[in-house]
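The values are calculated or read from the model by the stated rules, or taken from the named source; none is laboratory data. This one's a predicted model, so the numbers in the text were calculated from it and none came from an experiment. Cβ coordinates were reconstructed from backbone atoms using ideal geometry, including for glycine residues, and neighbour counts include every protein chain displayed.
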Amino acid sequence: MRRFKTPDRGQLMLFPPNLNDWVGDEHPARYVVDFVETLDLRGFYAEYGDSGEGQPPYDPKMMLAILLYANMLGISSSRKIERLLTDDIGFRFIAGHLTPDHDTISDFRQRHARRLREVFIGCVNLAVKAGVVGLNHVAIDGTKVRANAAQTAKRTEEQLRQEIEQIKKFVGDYFGECDRVDQQEDEEFGKGNNGYLLPDFLKDGDARRKWIKEQLEEMGAQFQEQPRHESKKVEQEKPKNTKLKKKLERFRKAKAKLEEKERKRKEDDPTGKRERDAERKRGTPYVPKINVTDPDARTMLFNEGGYKEGFNCQIAVDSEAGIIVAADVTQESNDLRQLAPMLLQTQSNTGWLPDHVSADTGYFNVKQMEDPRFKSVDFYIGPRAKGATEGDRSKSERMREKLETELGRALYAARKSIVEPVFGAIKHARKFRQVLTRGKMMVTGEWNLVCAAHNLLKLYKLGVVPV
């Protein structure tokens, strides 16, 4: 009979196991750990202060390595990461058998959301040092990513006002009630007294013992006089609905965001002409709305069809190795004003501007292309379709002629092969189609982490040594 190799799960280990023997030298988990060691994380450590009280927190180096490795594998759920910290050898190596729970992982991501951009810049700097970023040709594009909010959670200002008033009927004005209670306690106990301090007549020990004895005797007498069957039932105070309180606070924040959104809209269109033109085209009047689940999300048209709540995630990709050199998140559904911000971030992250820049029609912005700061950049951006609303036709015609040249055709055709595979890797291979966090700041941090993981995976496959 054929012999087989069978596992002996009861085999004893004669020597203590060493985590370094569990993963090979070329394992991506080891590469992530080596990369994080090169980062300057003083800002992360400063968040915890110098207090030595309580349980020590998990090392930010370890937590960052866990998040980066998870995103390289296309895992963003903190609960899945928690499970893999015991099931996956790569995660166990990074954490050294430590097992932070999903709340700790989620809290770390939220606490340091602003600083995750530093991790992305660290990946870009490593690529620049390794010489895999040339900035000869950079392609810029954006993609819509669904927000962590439903389309049905949108409300107008009037709807918000009505729902706030309805909630108040159940729980009352929570914040006003807090102020009223504070004022009442100040009158009863005095300013600066927390209500748990002894009154003046009980501060003397003898007087206090005498008063306690009198109270106990009085309570005993009352208990003897009252028949058992007539004992009064203690009516417990009905607890207030904490969920409604949270909902009330969320609606109030959404109302404030809606007012801010309307103020910015009026600043961008002071005469109202743009809105009137849009109303004529729509056939219906404009009614401002906000999403109460994530007030920073905006309704956008997605390529797969239909309007959904989302964010417009931007990237600038270098042609040499497909490294993302700039990444950002905007609430604007179109890309008209994103060219300059992406170029300035590219310059900030790498130290210089690209020689050639290509982008689709949505980025055709003559004012930004003629910005003196970008005079060294050669743009290849498709102008809008010919028509009565074309704006400056002479400049559009010059760009069309430029794109018809041999170099123009080659660079503009290469745009898709540079930036689209990156979106394919992020959205399809690693399944990042919806953000987990809420709020523009948190979503930007999440997008920076995703882009950093993409770059790190590229550098790992190219064999770039973290230094």
Considering only helices (runs of 4 or more DSSP H) wholly within region 87-152, the ones with at least 1 residues that are of a type outside the set (S, T, N, Q), touching a helix residue (DSSP H, G or I) at 6+ places or on another chain (Cβ under 9 Å) and farther than 30 Å from Lys416 by Cα are 89-95, 102-111
Taking region 265-295 as the region of interest, how many residues are part of a loop (DSSP other than H, G, I, E, B) and either on the phi > 0 side of the Ramachandran plot or surrounded by fewer than 20 Cβ atoms within 10 Å (Cβ to Cβ) (or both)? 11
What residue, of Arg92, Arg79, Arg83, is under 19 Å from the mean Cα position of the chain (by Cα), more than 20 Å from Ala452 (Cβ to Cβ) and assigned by TED's automatic domain parsing to the domain that holds Arg30? Arg79
How do the pairs read when you match residues in region 10-37 that are in a loop (DSSP other than H, G, I, E, B) with residues anywhere that are among the charged types (D, E, K, R), using Cβ under 8 Å and keeping only pairs 6 or more apart or on different chains? Trp22/Arg92; Val23/Arg30; Gly24/Arg30
I'd like to know if region 299-311 contains one or more residues that are of a type in the set (Ser, Thr, Tyr) and at pLDDT below 95. yes
Condition first: surrounded by fewer than 20 Cβ atoms within 10 Å (Cβ to Cβ), touching a residue at least 12 places away in the same chain (Cβ under 8 Å) and aromatic (Phe, Trp, Tyr). Can you find one or more residues in region 362-375 that meet it? yes
Residue check: is Gln331 modelled with pLDDT of 95 or more and within 29 Å of the chain's Cα centre (by Cα)? no
Take the residues in region 38-56 that are aromatic (Phe, Trp, Tyr) and outside any loop (DSSP other than H, G, I, E, B), then tell me which one is surrounded by the fewest Cβ atoms within 10 Å (Cβ to Cβ). Tyr45
Any hit, region 301-310, residues being surrounded by fewer than 18 Cβ atoms within 10 Å (Cβ to Cβ), polar (S, T, N, Q) and out of contact with any Leu (no Cβ under 7 Å at 6 or more places or on another chain): yes
Residue under question is Arg298, and the condition is that it be at negative phi and buried (at least 17 other Cβ atoms within 10 Å of the Cβ); does it hold? yes
Please determine, by comparing only the residues of region 311-328 that are among the acidic types (Asp, Glu) and buried (at least 19 other Cβ atoms within 10 Å of the Cβ), which one is farthest from the chain's Cα centre (by Cα). Asp318
Show the residue pairs meeting these rules: Cβ distance below 7 Å; 6+ apart or different chains; first residue within region 197-208 and modelled with pLDDT of 80 or more; second residue not hydrophobic (A, V, I, L, M, F, W, C). none
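Conditions tested, residue by residue: (1) surrounded by 13 or more Cβ atoms within 10 Å (Cβ to Cβ); (2) at pLDDT 95 or above; (3) within 31 Å of the chain's Cα centre (by Cα).
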| site | (1), (2), (3) |
| --- | --- |
| Tyr380 | yes, yes, no |
| Ala388 | no, no, no |
| Met399 | yes, no, no |
| Arg430 | yes, no, yes |
Matching option when the condition is free of Cβ contacts under 8 Å to residues at least 24 places away in the same chain and either in a helix (DSSP H, G or I) or among the acidic types (Asp, Glu) (or both), among Lys427, Lys461: Lys461
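Results for (1) assigned to a loop (DSSP other than H, G, I, E, B); (2) modelled with pLDDT of 70 or more; (3) out of contact with any His (no Cβ under 7 Å at 6 or more places or on another chain), shown as yes or no for each residue.
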residue: Gln184; (1), (2), (3): no, yes, yes
residue: Glu187; (1), (2), (3): no, yes, yes
residue: Gly195; (1), (2), (3): yes, no, yes
residue: Lys210; (1), (2), (3): no, yes, yes
residue: Glu214; (1), (2), (3): no, yes, yes
residue: Gln224; (1), (2), (3): no, no, yes
